[in-house]
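Engineer: One structure is given below, represented as structure tokens, and several questions about it will come after.
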Amino acid sequence: VGGVVIFLPQILILFFFVALLEGTGYMARAAFMLDRAMSKVGLHGQSFIPLLSAYACAIPGIMAARTINSRKDRLVTILVTPWMSCSARLPVYFVMIAAIAPGAAWVKTALMFFVYFLGTAGAFVFAFIFKKTLMRGESPSLMMEMPPYRWPTFKTVFMVMLDRSKLFLKKAGTIILGVSIILWFFISYPKDAEGESNIAQSYAGQVGHALEPVTEPLGYDWKVNIGLLASFAAREVFVSTMAIIYSVEDEGENTDSLAEVLRGQERTDGTPVFTPLVCLSLMVFYVFSLQCLSTVAVVKRETNSWRWPLFQLAYMTVVAYVAALIVYQGGRLLGFA
């Protein structure tokens, strides 16, 4: 849990700027100004508000799509909203970037910009595809009331940051803690004849090994597979899972320490597990995958059907797999292995 809570300050910075935009009355004007541009990729002007909100968390972003009157435009917005890189992905990005570039600040900045750009571009591309295929039809004209410009109050900004940080900490103290306890059990049992734990022979290890034929083309080993499965509960769980698997313990509360441990891991043939190419492949996978069951539940509630959340889970997983495959195998062909 500490390995995830350590990222709260960075996430609060994100919440602070989103709260400023909301508090000034600029959000509605931005939606109006971007209506013509967003219509070219199949999105409604009012889609801007859900998409921007989703940078903090996809769940309020999806719920904000209720303001879009057209059902087709609302569905397109819901289907692509999870691709905006939410705060839950930040812990994974921070650890992977620290493993790729332990010292170069400009490289870290460029990589963070790259994953945010990649998710946003993916949302626009697939919104265009959905609008031309599944959701054909003209979008209605945008009509909305413009609130006056105003100075955001410190109290309002503070309350937004407080409420959203509470949600993040609640997730860390419930979902992540619960999954970590369950994961510890599956990693620790069954014990061998001498009563010792062997992660390779554990329940989790058996599942991880079973998935290796599927994930090996992406550069992942069976331990990474365990992290991918665990993170379906919440994306941040990947970080705590790696800390548990590699016995990082107290050092896992520091991003650089965890990244240093990951950089030192080797496969049975002596090659490193977390090469820069593998870390980049993992980042791209998390940009596009729907590793959040809470989002699936909210989409089901907003669409009143299991059809759309299951479709969303399937197509995003396929896109994530193909994108990560292109990154890893393309990098190897270019000699970056």
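The values are calculated or read from the model by the stated rules, or taken from the named source; none is laboratory data. Only a predicted model underlies this, so the values are computations on that prediction, with no experimental measurement involved. Counting neighbours? That spans all protein chains shown, and the Cβs are built from the backbone with ideal geometry, glycine included. Protein only, heavy atoms only, side chains kept; ligands, DNA and RNA dropped before computing areas. Shrake-Rupley method; radii C 1.70, N 1.55, O 1.52, S 1.80 Å.
Engineer: Being exposed (fewer than 12 other Cβ atoms within 10 Å of the Cβ) and either of a type in the set (Asp, Glu) or part of a helix (DSSP H, G or I) (or both) is the filter here, so list the residues in the stretch 146-161 that pass it.
Structural biologist: Phe154, Lys155
Engineer: So for the stretch 123-145 (the condition being in contact with a Gly (Cβ under 9 Å, 6 or more places away or on another chain), at pLDDT below 85 and open to solvent by 40 Å² or more (accessible area, probe 1.4 Å)), does at least one residue qualify?
Structural biologist: Yes, the stretch 123-145 contains at least one residue that is in contact with a Gly (Cβ under 9 Å, 6 or more places away or on another chain), at pLDDT below 85 and open to solvent by 40 Å² or more (accessible area, probe 1.4 Å).
Engineer: Go over the candidates Ala64, Ala28, Ala37, Ala19 one by one and state the one that is within 30 Å of Ala98 (Cα to Cα) and of a type in the set (A, V, I, L, M).
Structural biologist: Ala19
Engineer: A follow-up question, please. Let me spell it out: the conditions are (1) farther than 20 Å from Ile13 by Cα; (2) open to solvent by 40 Å² or more (accessible area, probe 1.4 Å); (3) in contact with a helix residue (DSSP H, G or I) (Cβ under 6 Å, 6 or more places away or on another chain), and Thr81 meets all of them except one. Which number is the exception?
Structural biologist: Unmet condition: (2).
Engineer: Within the stretch 39-60, track down each residue that is modelled with pLDDT under 85 and not in a helix (DSSP H, G or I).
Structural biologist: Within the stretch 39-60, Lys40, Val41, Gly42, Leu43, His44, Ala56, Cys57 qualify.
Engineer: Between a first residue in the stretch 202-231 that is within 14 Å of Ser281 (Cα to Cα) and a second residue that is among the basic types (Lys, Arg) and open to solvent by 40 Å² or more (accessible area, probe 1.4 Å), which pairs have beta carbons less than 8 Å apart while being 6 or more apart in sequence or on different chains?
Structural biologist: Short answer, once both residue conditions are applied: Asp221/Arg267.
Engineer: Shifting gears a bit: Within the bounds of the stretch 162-169, is there any residue that is open to solvent by less than 60 Å² (accessible area, probe 1.4 Å), charged (D, E, K, R), at pLDDT below 85 and part of a helix (DSSP H, G or I)?
Structural biologist: There is at least one residue in the stretch 162-169 that is open to solvent by less than 60 Å² (accessible area, probe 1.4 Å), charged (D, E, K, R), at pLDDT below 85 and part of a helix (DSSP H, G or I).
Engineer: Mind counting the residues in the stretch 258-312 that are surrounded by fewer than 23 Cβ atoms within 10 Å (Cβ to Cβ), under 19 Å from the mean Cα position of the chain (by Cα) and part of a loop (DSSP other than H, G, I, E, B)?
Structural biologist: Result for the stretch 258-312: 1.
Engineer: Only residues that are surrounded by 13 or more Cβ atoms within 10 Å (Cβ to Cβ) and in a helix (DSSP H, G or I): list them for the stretch 185-199, please.
Structural biologist: Hits for the stretch 185-199 are Phe186, Ile187, Ser188, Ile199.
Engineer: Within the stretch 41-61, track down each residue that is surrounded by fewer than 22 Cβ atoms within 10 Å (Cβ to Cβ), touching a Lys or Arg at 6+ places or on another chain (Cβ under 9 Å) and either farther than 27 Å from Ala234 by Cβ or touching a residue at least 12 places away in the same chain (Cβ under 8 Å) (or both).
Structural biologist: Answer for the stretch 41-61, where residues must be surrounded by fewer than 22 Cβ atoms within 10 Å (Cβ to Cβ), touching a Lys or Arg at 6+ places or on another chain (Cβ under 9 Å) and either farther than 27 Å from Ala234 by Cβ or touching a residue at least 12 places away in the same chain (Cβ under 8 Å) (or both): just Val41.
Engineer: Related question: Given Pro147, Pro82, which one is more than 22 Å from Arg36 (Cβ to Cβ) and not charged (D, E, K, R)?
Structural biologist: Pro82
Engineer: Among residues belonging to the stretch 100-120 that are small (Gly, Ala, Ser) and open to solvent by less than 30 Å² (accessible area, probe 1.4 Å), point out the one that is farthest from Pro276 (Cα to Cα).
Structural biologist: So the residue we want is Gly119.
Residue-wise test of (1) open to solvent by 50 Å² or more (accessible area, probe 1.4 Å); (2) touching an Asp or Glu at 6+ places or on another chain (Cβ under 8 Å).
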{"position": "Leu8", "(1), (2)": "no, no"}
{"position": "Ser39", "(1), (2)": "yes, no"}
{"position": "Met63", "(1), (2)": "yes, yes"}
{"position": "Arg71", "(1), (2)": "yes, no"}
{"position": "Ala98", "(1), (2)": "no, yes"}
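Engineer: Name the residues in the stretch 153-169 that are among the aliphatic types (A, V, I, L, M), without any contact (Cβ under 8 Å) to a residue 40 or more places away in the chain and over 21 Å from Gly2 (Cβ atoms), would you?
Structural biologist: Matches in the stretch 153-169: Met159 only.
Engineer: Could you list, in sequence order, all residues of the stretch 170-184 that are surrounded by 16 or more Cβ atoms within 10 Å (Cβ to Cβ) and among the β-branched types (Val, Ile, Thr)?
Structural biologist: Ile175, Ile176, Val179
Engineer: Would you say Arg89 is in a helix (DSSP H, G or I), basic (Lys, Arg) and more than 16 Å from Val298 (Cα to Cα)?
Structural biologist: In short, yes.
Engineer: Report yes if some residue within the stretch 285-303 is in contact (Cβ under 8 Å) with a residue 12 or more places away in the chain and touching a Gly at 6+ places or on another chain (Cβ under 9 Å); otherwise report no.
Structural biologist: Within the stretch 285-303, one or more residues are in contact (Cβ under 8 Å) with a residue 12 or more places away in the chain and touching a Gly at 6+ places or on another chain (Cβ under 9 Å).
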